[in-house]
């Protein structure tokens with residue numbers, strides 16, 4: 001029997017869904033990283049191959065189907081940014097072990113923003129802004145144009161992300177400690193959150209463990225709570241990150257010439273839970289600049305967007 | 001015979017100098033990293049022990065001295081910031097293999113800013129500002145007070161450093177590329193410097209090699225050259241970093257209550273080679289705020305400061 005395949009491949013976990021030819025999801029599987037940047041090429045390839053084969057095995061079992069075949073597929077991949085990334089992901093995803101169950105000619109690899117946007121909006125003019133651990137923005141317009149801004153990861157970019165919030169939280173604490181910056185409740189709130197007691201331990205927490213963006217991004221919750229306590233330093237950091245997110249959207253909107261058009265803005269990522277000093281600031285400013293904008297939190301899962309795009313191939 | 005020992009221990013190389021009891025350097029040796037943070041504890045301990053034993057061997061040979069003994073020692077260490085660092089460095093430096101040639105009771109471990117300051121100024125009120133790969137500021141006053149600001153390394157601090165300049169250079173390029181920020185000559189100048197041809201290769205240069213602060217800090221030279229070509233984006237980055245350096249100094253000066261006193265400011269680090277948009281801005285502003293300040297570039301080597309401090313023990 002023939003199916004379509006949608007994949008949401010992340011640095012920590014990957015979701016794969018098989019749908020029937022009408023686009024209804026009939027089987028799913030979840031497995032580890034399919035990103036060579038976070039887990040190394042061999043491990044990512046191994047995870048990915050085993051995961052897709054497992055999905056095929058489920059189809060065999062559920063539908064007594066001896067030869068399930070994915071007639072088309074859309075693979076959304078976090079970290080697919082450059083030509084080099086594409087070359088690596090092509091090798092990883094379109095590998096010989098999967099050739100028997102997959103029509104490689106009808107398989108597309110896209111950045112995970114693309115499947116997120118497909119999951120979040122059906123409108124012809126649409127943009128997605130992500131503010132999770134990382135930051136990304138992508139959109140398409142009725143003329144088929146595409147545009148992106150940011151999504152360059154933590155050294156080259158990620159302004160407006162949870163990682164950026166976390167780093168600026170830590171730096172504000174050190175500035176206060178040194179006397180280079182104003183006092184802030186961030187110090188005691190972060191100490192409490194991390195269950196540490198002093199700057200020495202903050203140094204150890206920062207440097208004496210393997211570098212992880214997630215660990216720093218987790219501090220964005222403390223930052224948000226501290227801002228809501230009225231702390232000026234925390235509020236200032238959040239407002240700055242909110243303006244970076246606004247800049248991401250404005251850049252994409254401008255490239256797509258959507259300024260005066262009716263378009264959806266899908267927003268997703270844990271930082272949008274921070275209402276007063278992040279989400280509200282962003283939505284208010286964008287509404288002012290783009291009167292015909294419609295805001296939509298992403299409710300569907302990105303893997304559903306991948307299935308939708310695979311169905312259109 | 002008895003000697004005094006001075007050490008300048010860095011993350012890449014370590015210099016050790018033996019001086020006679022009048023403080024005249026009579027033998028030197030250079031060896032690898034003595035910093036457990038950059039080379040691991042065992043390797044750093046091994047380097048350090050072998051290096052000091054080699055210095056003792058030189059004394060034996062030069063002075064036909066069978067039992068050279070370091071009566072006092074001052075060990076300057078990059079990365080000695082916290083109580084945890086001190087515990088680790090104590091184990092590393094005051095180890096059993098060296099006990100026979102060293103008076104551990106008369107050995108002091110200090111941050112490398114302390115030996116830099118001792119090398120750079122004899123004045124009672126004195127401050128040192130470092131803007132190399134990292135950023136640091138430290139001072140002492142006539143009353144014996146000490147103060148520092150920054151020096152928290154690349155995640156928690158390093159504002160005003162070459163590393164910070166490098167990162168902001170890269171981010172400005174990505175902003176221009178995205179359309180999030182103004183166009184800048186930094187893009188073509190960095191491409192030329194790195195011998196790369198596009199953003200894909202910049203991504204690879206950034207992420208596909210082991211993380212190294214030095215690599216990013218090396219871009220500060222391109223930043224300086226680009227600013228001197230009149231590029232507004234480059235000038236803005238440099239001015240911001242200069243103001244961070246100024247803030248470091250002002251914080252230390254304020255803690256030491258040197259505002260209206262005659263004091264030396266020793267400056268060191270490759271970024272001070274960037275005159276027009278870094279050094280000149282810093283010196284002009286500080287001269288205005290602190291009329292009795294004296295500027296001194298660091299000419300002596302920090303290891304000479306270590307010897308001087310060891311002689312005072």
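Tell me, please, whether a residue that is within 30 Å of residue B:151 (Cβ to Cβ), at pLDDT below 95 and within 13 Å of another protein chain (Cβ to nearest Cβ) can be found in segment A:175-185.
The first filter runs over segment A:175-185 and keeps only residues within 30 Å of residue B:151 (Cβ to Cβ), leaving A:175-185.
Cutting the leftovers down to at pLDDT below 95 gives us none.
Within segment A:175-185, none of the residues are within 30 Å of residue B:151 (Cβ to Cβ), at pLDDT below 95 and within 13 Å of another protein chain (Cβ to nearest Cβ).
Could you check, for segment A:41-62, whether at least one of its residues is outside any helix (DSSP H, G or I) and not assigned by TED's automatic domain parsing to the domain that holds residue A:151? Checking segment A:41-62: not a single residue is outside any helix (DSSP H, G or I) and not assigned by TED's automatic domain parsing to the domain that holds residue A:151. Mind checking whether some residue in segment B:192-201 is more than 11 Å from chain A (Cβ to nearest Cβ), out of contact with any strand residue (DSSP E or B) (no Cβ under 8 Å at 6 or more places or on another chain), over 21 Å from residue B:272 (Cβ atoms) and modelled with pLDDT under 95? Scanning segment B:192-201, I find no residue that is more than 11 Å from chain A (Cβ to nearest Cβ), out of contact with any strand residue (DSSP E or B) (no Cβ under 8 Å at 6 or more places or on another chain), over 21 Å from residue B:272 (Cβ atoms) and modelled with pLDDT under 95, so the answer is no. Per the listing A:34, A:121, the residue uniquely modelled with pLDDT under 95 and buried (at least 23 other Cβ atoms within 10 Å of the Cβ) is A:34.
Being over 20 Å from residue B:132 (Cβ atoms) and touching a helix residue (DSSP H, G or I) at 6+ places or on another chain (Cβ under 8 Å) is the filter here, so list the residues in segment B:7-20 that pass it.
Quick first cut of segment B:7-20, residues over 20 Å from residue B:132 (Cβ atoms) only: B:16-20.
Correct list: B:16, B:17, B:18, B:19.
Can you name the condition, by its number, that residue B:261 falls short on among (1) without any contact (Cβ under 8 Å) to a residue 60 or more places away in the chain; (2) surrounded by fewer than 17 Cβ atoms within 10 Å (Cβ to Cβ); (3) in a loop (DSSP other than H, G, I, E, B)? For residue B:261, the exception is condition (1).
In summary, residue A:212 fulfils each of the numbered conditions (1) away from chain B (no Cβ under 14 Å); (2) under 30 Å from residue B:35 (Cβ atoms) with the single exception of condition (1). Of note, residue B:18 does not satisfy the criterion of being crowded, with 23+ Cβ neighbours inside 10 Å, in a helix (DSSP H, G or I) and on the phi < 0 side of the Ramachandran plot.
One residue alone among B:23, B:40 is at pLDDT below 95, more than 20 Å from the chain's Cα centre (by Cα) and exposed (fewer than 15 other Cβ atoms within 10 Å of the Cβ), and that residue is B:23. For segment A:70-85, a residue qualifies if it is modelled with pLDDT under 95 and either assigned to a helix (DSSP H, G or I) or within 11 Å of residue A:3 (Cβ to Cβ) (or both), and the qualifying residues are A:83, A:84, A:85.
The condition of being in contact with a helix residue (DSSP H, G or I) (Cβ under 8 Å, 6 or more places away or on another chain) and within 27 Å of residue B:3 (Cα to Cα) holds for only one of B:96, B:153, B:103, B:65, that being B:65.
Going through (1) under 30 Å from residue A:22 (Cα atoms); (2) touching a strand residue (DSSP E or B) at 6+ places or on another chain (Cβ under 9 Å) one by one, residue A:287 falls short only on (1).
Here's the yes/no breakdown for (1) within 14 Å of chain A (Cβ to nearest Cβ); (2) crowded, with 24+ Cβ neighbours inside 10 Å; (3) within 26 Å of residue A:208 (Cα to Cα); (4) without any contact (Cβ under 8 Å) to a residue 40 or more places away in the chain:
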residue: B:71; (1), (2), (3), (4): no, no, no, no
residue: B:79; (1), (2), (3), (4): yes, no, yes, no
residue: B:99; (1), (2), (3), (4): no, no, no, yes
residue: B:109; (1), (2), (3), (4): no, no, yes, yes
residue: B:157; (1), (2), (3), (4): yes, yes, yes, yes
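Restricting attention to segment B:200-220 and to residues that are buried (at least 17 other Cβ atoms within 10 Å of the Cβ) and in contact (Cβ under 8 Å) with a residue 24 or more places away in the chain, the residue that is farthest from residue B:189 (Cα to Cα) turns out to be B:213.
Taking residue A:12, is it closer than 30 Å to residue A:211 by Cβ and in a loop (DSSP other than H, G, I, E, B)?
Numbers: closer than 30 Å to residue A:211 by Cβ: yes; in a loop (DSSP other than H, G, I, E, B): yes.
For residue A:12, the condition - closer than 30 Å to residue A:211 by Cβ and in a loop (DSSP other than H, G, I, E, B) - is met.
Of the residues A:153, A:85, which is touching a residue at least 60 places away in the same chain (Cβ under 8 Å) and within 14 Å of chain B (Cβ to nearest Cβ)? Result: A:153 is the single residue among A:153, A:85 that is touching a residue at least 60 places away in the same chain (Cβ under 8 Å) and within 14 Å of chain B (Cβ to nearest Cβ). Out of all the residues in segment B:243-265, which are more than 13 Å from chain A (Cβ to nearest Cβ) and within 19 Å of the chain's Cα centre (by Cα)? Listed by number, the residues that qualify are B:264, B:265. Scanning segment A:32-49 for residues that are more than 14 Å from chain B (Cβ to nearest Cβ) and in contact (Cβ under 8 Å) with a residue 40 or more places away in the chain returns A:34, A:44, A:45, A:48, A:49. Against the criterion of being closer than 11 Å to residue B:129 by Cβ, within 14 Å of chain A (Cβ to nearest Cβ) and in contact with a strand residue (DSSP E or B) (Cβ under 6 Å, 6 or more places away or on another chain), residue B:271 does not qualify.
Residue A:132 meets the conditions (1) surrounded by fewer than 24 Cβ atoms within 10 Å (Cβ to Cβ); (2) within 11 Å of another protein chain (Cβ to nearest Cβ); (3) under 16 Å from residue A:268 (Cα atoms) in every case but one. The failed one is (2).
On the basis of being within 11 Å of chain A (Cβ to nearest Cβ), touching a residue at least 40 places away in the same chain (Cβ under 8 Å) and in a helix (DSSP H, G or I), does residue B:118 make the cut?
Numbers: within 11 Å of chain A (Cβ to nearest Cβ): no; touching a residue at least 40 places away in the same chain (Cβ under 8 Å): yes; in a helix (DSSP H, G or I): yes.
No.
The values are calculated or read from the model by the stated rules, or taken from the named source; none is laboratory data. What you see is a predicted model, and the numbers here were worked out from it, not measured in a lab. Don't worry about glycine lacking a Cβ; one is built from the backbone with ideal geometry, like all the others, and counts go over all protein chains shown.
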